[in-house]
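Here's the structure we're looking at; comments come further down.
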Amino acid sequence: MLRGSQKQAAKTANKSQHTAKTSSRSLSTKLTKTKPQQSTQKAQKVQKKSQITTKNSILTTQKRFAANKVFLSAKDAVLASGLRDGDTVLAGGFGLSGIPMTTIRAIHELGIKDMTVVSNNCGTGTWGLGILLNDKRIKKMISSYVGENPEFERQYLEGELELELTPQGTLAEKLRAGGAGIPAFFTPTAVGTLIQQGGFPIKYKQGSSHEIEIGSKPKEVREFNNKKYVMEESITGQVAIIKAWRADEFGNIQFRGTARNFNPECAMAGRYTIAEVDEIVPTGSLNPQEIHLSGGYIQAVIKTHDEKRIERRTVIKQGGGSGDVIDTSAGATIRERIARRAALELRPGMNVNLGIGMPTLIPKLLPPNMDVMFQSENGILGMGPYPLDGEEDADYINAGKETVTLLPGAALFSSSESFAMIRGGHIALSILGGMEVSRSGDLANWIVPKKMIKGMGGAMDLTSAGFRVVVTMEHNNKKGDAKILDQCTLPITGPSCVDMIITDLAVFEVNKATKSLLLTEKIDDITVDELRVRTGTQFDVSPNLRTYQQI
């Protein structure tokens with residue numbers, strides 16, 4: 001039954017419908033009595049009016065859907081996100097490239113604490129996420145790399161910080177899957193390592209001699225097509241903070257250079273995503289085909305107010321020749337010797353991944369006509385030499401955070417796409433650094449338990465992909481101990497994955513089937529017997545043993 005205003009509304013509606021019907025009949029009668037010319041003119045007027053109405057409707061619709069997500073300050077955006085103590089924050093960036101510094105500073109100033117932060121690394125001591133870490137605002141880090149942040153390492157080793165180390169490609173895919181609504185996936189990365197087997201110390205007890213308070217659990221392994229895979233659960237977070245080059249008011253995003261890295265994946269996996277950008281333009285200004293990330297993933301847009309910093313400024317001296325790199329660190333000559341030998345493993349047409357350290361020296365050593373595309377896991381295929389002094393750019397770095405250039409034909413992409421390229425077998429060769437290698441080809445290069453924690457970065461992904469792996473390292477450590485052993489004493493990065501070992505003294509081929517080493521080259525300054533003394537395992541000598549080669 002209708003009451004009061006409802007009855008009145010019903011009467012009004014009936015009256016309106018009656019009036020509309022009467023008007024329609026009247027108009028119909030008049031039209032039939034009008035001359036043909038007058039009828040045509042009236043029809044044209046009605047059509048024109050209809051077109052104007054349609055156009056206005058389209059413009060109104062466009063305006064209605066062009067939501068403005070711009071906030072005047074990072075603090076306002078963080079407050080709007082509802083970020084609270086104990087929440088999970090997903091932070092884009094790789095080293096200091098593509099980090100949302102203005103937003104990080106706002107979170108710091110708002111005093112939010114006890115956060116779980118998911119990010120590839122944790123900035124430096126005074127920049128990036130490092131400012132939150134220094135003030136003990138972070139309870140747990142989920143990262144792939146500790147790197148050159150001594151406070152990060154100290155807090156973890158002294159039991160003040162939880163750390164869930166995750167291979168870099170797996171971390172990117174966890175975020176991408178989380179944003180895509182996929183709860184878990186299988187990957188070959190980390191099979192046979194401490195990460196898969198469990199027992200990695202997520203947290204040490206404070207005040208103890210590195211007694212484990214929280215240890216990682218074993219992960220499920222399944223076999224597909226006679227190959228083992230680890231199950232990994234995806235990651236999402238309450239708030240994601242990303243950095244980009246340009247955005248429109250709706251939040252459509254464009255990235256620049258290698259600053260893309262983990263930013264798209266973090267944006268996808270966040271319930272509320274804050275995009276910090278260098279430039280904000282009106283909605284509609286960006287070509288839809290040139291948008292790297294849809295504004296559908298973005299809830300807030302702010303303008304950055306912080307400079308871009310370079311973690312490792314690496315350049316070529318102006319007028320100093322293509323090989324004259326500014327490098328005053330100890331051991332530069334030995335590292336370059338190893339890099340020159342490793343460069344001989346490249347073949348025209350190859351896509352080659354270069355790990356951090358010595359491998360990053362290789363691009364500058366190649367002849368100009370060498371047709372090789374170098375891949376860097378932070379999002380480059382077609383990485384070139386170091387830039388000329390004064391031409392370095394904070395948005396163009398390699399996996400070692402060094403400034404680089406791009407070759408003609410280069411492509412830039414996100415971290416998850418980079419590791420899809422790796423896991424999918426689209427790379428022919430990877431050249432990595434190492435701490436230890438066993439005679440069966442096991443590689444260890446990511447941690448010294450209870451003493452030094454670097455993190456695996458992308459190495460576990462690279463060693464599990466199935467393509468050729470060459471390890472470059474000095475033959476002995478600083479104490480003179482052998483680094484080529486019967487079995488690795490350190491937790492391994494990958495089992496039976498190394499095909500060749502190149503040291504400053506010799507070159508060995510690894511036969512993984514027979515678990516044996518074959519000496520194929522050595523420097524002239526050392527005998528085979530002397531080399532045996534400095535090597536921690538037995539090896540065979542090639543009948544075609546030759547002098548250590550250089551490009």
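The values are calculated or read from the model by the stated rules, or taken from the named source; none is laboratory data. Not measured: the values here are computed from a predicted model. Here the Cβ positions follow ideal geometry from the backbone for every residue, glycine too, while neighbour counts run over all protein chains shown.
Computed quantities for the displayed model
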| read-out | value |
| --- | --- |
| Answer residue from the stretch 264-320, given it is charged (D, E, K, R) and touching a helix residue (DSSP H, G or I) at 6+ places or on another chain (Cβ under 7 Å) and is surrounded by the most Cβ atoms within 10 Å (Cβ to Cβ) among those | Glu265 |
| Output for the stretch 358-387, where each listed residue is among the small types (Gly, Ala, Ser) and surrounded by 23 or more Cβ atoms within 10 Å (Cβ to Cβ) | Ser376, Gly379 |
| Test result for Ile241, among the β-branched types (Val, Ile, Thr) and surrounded by fewer than 23 Cβ atoms within 10 Å (Cβ to Cβ) | no |
| Qualifying strands (runs of 3 or more DSSP E) (wholly inside the stretch 388-470; at least 3 residues being modelled with pLDDT of 95 or more and surrounded by fewer than 21 Cβ atoms within 10 Å (Cβ to Cβ)) | 406-412 |
| Restricting the stretch 519-531 to residues that are outside any helix (DSSP H, G or I) and surrounded by fewer than 17 Cβ atoms within 10 Å (Cβ to Cβ), the residue that is farthest from the chain's Cα centre (by Cα) | Thr527 |
| Those residues of the stretch 123-178 which are modelled with pLDDT of 95 or more and more than 27 Å from Ala190 (Cα to Cα), in sequence order | Trp127, Gly128, Gly130, Ile131, Leu132, Leu133, Asn134, Asp135, Lys136, Arg137 |
| Number of positions in the stretch 480-518 that are in a loop (DSSP other than H, G, I, E, B) and either among the hydrophobic types (A, V, I, L, M, F, W, C) or at pLDDT below 95 (or both) | 7 |
| Filter result (closer than 12 Å to Gly433 by Cβ and surrounded by fewer than 20 Cβ atoms within 10 Å (Cβ to Cβ)) within the stretch 471-507 | Glu474 |
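Residues are listed down the side, and each one gets a yes or a no for (1) farther than 13 Å from Val70 by Cα; (2) at pLDDT below 95:
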| site | (1), (2) |
| --- | --- |
| Val239 | yes, no |
| Lys243 | yes, no |
| Glu279 | no, no |
| Val301 | no, no |
| Val315 | yes, yes |
